[in-house]
Amino acid sequence: DGGITQSPKYLFRKEGQNVTLSCEQNLNHDAMYWYRQDPGQGLRLIYYSQIVNDFQKGDIAEGYSVSREKKESFPLTVTSAQKNPTAFYLCASSEDWYNEQFFGPGTRLTVL
Amino acid sequence: KQEVTQIPAALSVPEGENLVLNCSFTDSAIYNLQWFRQDPGKGLTSLLLIQSSQREQTSGRLNASLDKSSGRSTLYIAASQPGDSATYLCAVPYPSAGKSTFGDGTTLTVKP
């Protein structure tokens with residue numbers, strides 16, 4: 001089956017820890033995205049990548065880092081510099097940046 | 001800067017009613033417009049993508065229209081059902097930014 005997978009589904013982090021969220025797609029898409037969603041709010045773009053080995057900051061990149069070493073993978077690291085990381089994180093991909101976006105099931109991160 | 005607005009933020013209707021959800025955007029230079037559905041705690045599911053050259057796109061009980069000149073799109077849901085209860089979001093790829101802008105969504109409740 002083609003699609004986007006995110007793992008883990010739930011993640012708990014202690015303050016001061018870095019954690020990495022996984023996003024994998026087998027759709028052969030060039031573009032990938034990370035969004036953050038807080039309760040009752042819309043999506044905010046964290047980072048996006050239009051092609052392998054290249055990525056750009058979105059609207060709320062501070063405290064986050066990404067890599068795009070492989071076309072199918074776009075992991076997101078939430079660093080200790082992110083002061084309020086508790087949120088729902090969504091990964092998406094599209095053939096090109098302007099094409100139809102497909103989303104993964106999300107990872108819910110909670111800081112203890 | 002492209003801004004996308006969805007009004008109302010919440011809508012409650014009785015089962016069987018036909019309804020319209022609205023999406024407004026400020027910059028008419030768009031490639032397409034995409035409508036999504038999001039169930040609580042889940043990722044976004046793509047419903048319809050309407051190209052800038054199209055006026056309408058249909059899928060089952062859903063019909064999306066696009067009027068670039070007025071900066072508006074509507075999602076028409078016919079004969080609503082309780083299973084249609086969800087948050088509906090629209091998104092517009094913004095050429096000068098190389099990414100998409102999302103509305104905050106309309107949360108629909110269909111009462112049995």
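Return the total of residues in the stretch A:20-29 being in contact with a strand residue (DSSP E or B) (Cβ under 9 Å, 6 or more places away or on another chain) and either polar (S, T, N, Q) or at pLDDT below 95 (or both). Lay out the reasoning, then the answer.
First, the residues of the stretch A:20-29 that are in contact with a strand residue (DSSP E or B) (Cβ under 9 Å, 6 or more places away or on another chain): A:20-27, A:29.
With the extra rule that they be either polar (S, T, N, Q) or at pLDDT below 95 (or both), the set shrinks to A:20, A:22, A:25-26.
Residues that pass the stated criteria total 4.
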Checklist line | Selection within the stretch B:25-62 - away from chain A (no Cβ under 11 Å), closer than 16 Å to B:THR74 by Cβ and in contact (Cβ under 8 Å) with a residue 60 or more places away in the chain | finding: B:PHE25
Note to self: Can you list residue pairs whose Cβ atoms sit under 8 Å apart, with the first residue in the stretch B:84-97 being modelled with pLDDT under 85 and the second being buried (at least 21 other Cβ atoms within 10 Å of the Cβ) and of a type in the set (S, T, N, Q)? Count only pairs 6 or more apart in sequence or on different chains.
What the structure shows: B:TYR94/B:SER100; B:TYR94/B:THR101
Notebook entry, point to check: Counting just the residues of the stretch A:62-112 that are more than 10 Å from every other protein chain (Cβ to nearest Cβ), hydrophobic (A, V, I, L, M, F, W, C) and touching a residue at least 24 places away in the same chain (Cβ under 8 Å), which one comes out farthest from B:ILE50 (Cα to Cα)?
Noted result: A:LEU112
Note to self: Name the residue that is farthest from A:ASN18 (Cα to Cα), counting only residues in the stretch A:61-98 that are part of a loop (DSSP other than H, G, I, E, B) and aliphatic (A, V, I, L, M).
What the structure shows: A:ALA61
Check: When the stretch A:30-55 is examined, which residues are found to be surrounded by 15 or more Cβ atoms within 10 Å (Cβ to Cβ), polar (S, T, N, Q) and within 10 Å of chain B (Cβ to nearest Cβ)?
Finding: A:GLN37, A:GLN50
Item checked: Where B:ALA91 falls short, out of the listed (1) within 11 Å of another protein chain (Cβ to nearest Cβ); (2) part of a loop (DSSP other than H, G, I, E, B) -> (2)
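Of the residues A:PHE102, A:PHE88, A:PHE74, which is closer than 17 Å to B:GLN34 by Cβ and modelled with pLDDT of 95 or more?
Working: A:PHE88 fails: closer than 17 Å to B:GLN34 by Cβ; A:PHE74 fails: closer than 17 Å to B:GLN34 by Cβ.
From the options A:PHE102, A:PHE88, A:PHE74, the qualifying one is A:PHE102.
The values are calculated or read from the model by the stated rules, or taken from the named source; none is laboratory data. Because the structure is a prediction, the values reported are computed rather than measured. No Cβ is skipped: glycine too gets one built from the backbone with ideal geometry, and neighbour counts run over all protein chains shown.
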